[in-house]
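Undergrad: Take this structure first; my questions come after.
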Amino acid sequence: MRCLRATGPRVFLGVVSAPSPGRLRRTERQRLDSIEGGRHRRPSFGPHPDRAHRDESRSGTPRPHDGPVISVLFAVLTAISNGSASVLQRRAASTVPDAEAMRFSLIKHLARKKVWLAGIGLVLVAAVCQAVALATGPIAVVQPIFVIELPATLLIASCVFRRPLARSAWLGVAAVTSGLALGMAAAAPGGGSESVPGYAWIPALIITGIFEAVLIIWSRRLRGNARAALLGLAAACGYALTAALMKDAMSRLESGGVPALVTAWQLYGTAVAGVGALFLLQNALQAGWLVASQPMLTLGDALISITYGVTLFGESLRAGWWLLPELIGVALIAAGCVELARSPLASGSKPPPPRVR
């Protein structure tokens, strides 16, 4: 017996017989069920998604959605290291005479101080943490988190040196943290690419160079806290450029490995920009009080880094009426930084003696 078609007439020893109507309905129903089931049937190749998820969890391999968590964690570690380094470097730079300002002999003088070297060690720790944060998250998310470096440092110093913070300092901590939370929630930064086309760096570097030159030349005509503020803003621009170059360099490491990273000019640009920013920061700390340089450094780094993230990496921010809460957040951060920078724990000076009642 040979069946010529499943649902058609059957030929058996020359006799043509038609299938019954009930059999036709059952066969048609089975065919439709098989088609419908094929749409929802998972492919037979590859592991089951749940099984792959369990295997990935056991192996410890980070999943894609772990990236933002890792970037925020290392950004917080970077902020703590940078803030502590600023306090130590301010304490060392405050003893340098004005005659060595804007000279490389300033670094030579500071290199003899253990306090300054400890600050440089924390800068290196912060650089490693920052590289990890930028490799796993957008620059417009990572860099603004650094505004918490000063309040975090004061809280740690208060515990270590057993010197309680004044009420005004606590208000400053609350202002910075609430301003950061409000600004980040309103702006909702995200998106963008991991790397920057080479030609896009040309106008960015030219504009950055002009901006830095204007600030440095202008600061040479001023003294005291005014100079410290301008040099603090110049250092902030340098650190923001360092972060943008570092993120672009880390993308080469992910795509091409160590050879691609070593041959990328962004890696060496990161080193040059970082050293230049460090030099400007030392002069800002030497020129005036921390209350003048720290707010410019903190806010400038965050805002200029966001600008790099939007223009170079294509990251997005909310606009329109969202600008109002964003500006309120910036104002809160600025007021909090000014108040915190006045604290003796931040300036490295001794606290005022307690009043005798």
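The values are calculated or read from the model by the stated rules, or taken from the named source; none is laboratory data. Being a predicted model, the structure only gives us computed values, none of them experimental. Ideal geometry is used to build each Cβ from the backbone, glycine not excepted, and the neighbour counts take in all protein chains shown. In case anyone asks, the SASA skips ligands and DNA or RNA and just uses the protein heavy atoms, side chains included. Shrake-Rupley method; radii C 1.70, N 1.55, O 1.52, S 1.80 Å.
Undergrad: Any residue at all in segment 165-172 that's touching a helix residue (DSSP H, G or I) at 6+ places or on another chain (Cβ under 7 Å), modelled with pLDDT under 85, not acidic (Asp, Glu) and not in a helix (DSSP H, G or I)?
TA: yes
Undergrad: If you don't mind, there's one more thing I want to ask. In segment 300-329, which residue that is aliphatic (A, V, I, L, M) and buried (at least 20 other Cβ atoms within 10 Å of the Cβ) is modelled with the lowest pLDDT?
TA: Going through the qualifying residues, I end up with Ala302.
Undergrad: Looking only at segment 220-236, count how many residues are assigned to a helix (DSSP H, G or I) and more than 16 Å from Gln294 (Cβ to Cβ). Don't jump to the end; show me each part of the working.
TA: We begin by selecting, within segment 220-236, every residue assigned to a helix (DSSP H, G or I); these are 220, 225-236.
When the remaining residues are screened for being more than 16 Å from Gln294 (Cβ to Cβ), the result is 220.
Matching residues across segment 220-236 total 1.
Undergrad: Could we say that Arg227 is open to solvent by 50 Å² or more (accessible area, probe 1.4 Å), more than 14 Å from the chain's Cα centre (by Cα) and either on the phi > 0 side of the Ramachandran plot or among the charged types (D, E, K, R) (or both) here? Walk me through how you get there before you give the answer.
TA: On the way: open to solvent by 50 Å² or more (accessible area, probe 1.4 Å): no; more than 14 Å from the chain's Cα centre (by Cα): yes; either on the phi > 0 side of the Ramachandran plot or among the charged types (D, E, K, R) (or both): yes.
No: the conditions fail for Arg227.
Undergrad: Being modelled with pLDDT of 90 or more, open to solvent by 30 Å² or more (accessible area, probe 1.4 Å) and either in contact with a helix residue (DSSP H, G or I) (Cβ under 6 Å, 6 or more places away or on another chain) or not in a helix (DSSP H, G or I) (or both) is the filter here, so list the residues in segment 181-210 that pass it.
TA: Passing the criteria: only Leu182.
Undergrad: Is it the case, given these coordinates, that Pro325 is more than 27 Å from Arg227 (Cβ to Cβ) and either of a type in the set (Lys, Arg) or part of a helix (DSSP H, G or I) (or both)?
TA: yes
Undergrad: A follow-up question, please. Can you tell me how many residues within segment 254-275 are within 15 Å of Leu124 (Cα to Cα) and open to solvent by less than 30 Å² (accessible area, probe 1.4 Å)? Lay out the reasoning, then the answer.
TA: Residues of segment 254-275 within 15 Å of Leu124 (Cα to Cα): 270-275.
In the following step, the residues that additionally are open to solvent by less than 30 Å² (accessible area, probe 1.4 Å) were identified as 270, 273-274.
Here the count works out to 3.
Undergrad: Now a separate question. Just checking, which of Ser195, Ser219 is farther than 24 Å from Ala334 by Cβ and among the polar types (S, T, N, Q)?
TA: Only one candidate passes the filter, namely Ser195.
Undergrad: Looking only at segment 281-298, which residues are closer than 16 Å to Asn82 by Cα, open to solvent by less than 30 Å² (accessible area, probe 1.4 Å) and not small (Gly, Ala, Ser)?
TA: Leu281, Gln282, Leu285, Leu290, Gln294, Pro295, Leu297, Thr298
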